[in-house]
């Protein structure tokens, strides 16, 4: 996806070739190209969540937790490679007619507890 940028959605044949797998292996794990795009997005969200949770978990006061969360989010944005990758993945997800991630509901259930554990 990153190689194509925000100009063209990758074809299954390109994904399979780049991953070095067969079509059969691809379809054993995914129903379509859109499934792999959404799975990539969701895996990225889990990685960011884990990173932020680790940063926030080191702090004790709410102020320090919030500051750690903000600094962590900004660090993700400042990194050009991560910013480019996020942009391309979001662009591809937006063009996925079959399946959209549960982003807003999912983000609330994942990111809010990161800073505000019960």
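No lab work stands behind these numbers, since they all come straight from the coordinates. Computed from a predicted structure; not experimentally measured. For neighbour counting, all protein chains shown are included, and Cβ atoms are generated from backbone atoms with ideal geometry for every residue, glycine included.
Give me the extension gain from residue 46 to residue 74: residue separation times 0.36 nm, minus the current Cα-Cα distance, reported in nm with one decimal. All intermediate terms of the calculation are to be shown ahead of the outcome.
Details: separation 28, 0.36 × 28 = 10.08 nm, distance 1.68 nm.
Here the answer is 8.4 nm.
Report the calculated FRET efficiency for residue 63 and residue 84 (r = Cβ-Cβ distance, R0 = 35 Å), to the nearest 0.05.
E(calc), rounded to 0.05, equals 0.60.
FRET efficiency for residue 31 and residue 3, Cβ-Cβ distance as r, R0 = 22 Å, nearest 0.05?
E(calc), rounded to 0.05, equals 0.40.
Under the Kirkwood approximation for Rh and a Cα-based Rg, what ratio Rg/Rh is obtained for segment 1-64?
Result for segment 1-64 is an Rg/Rh of 1.20.
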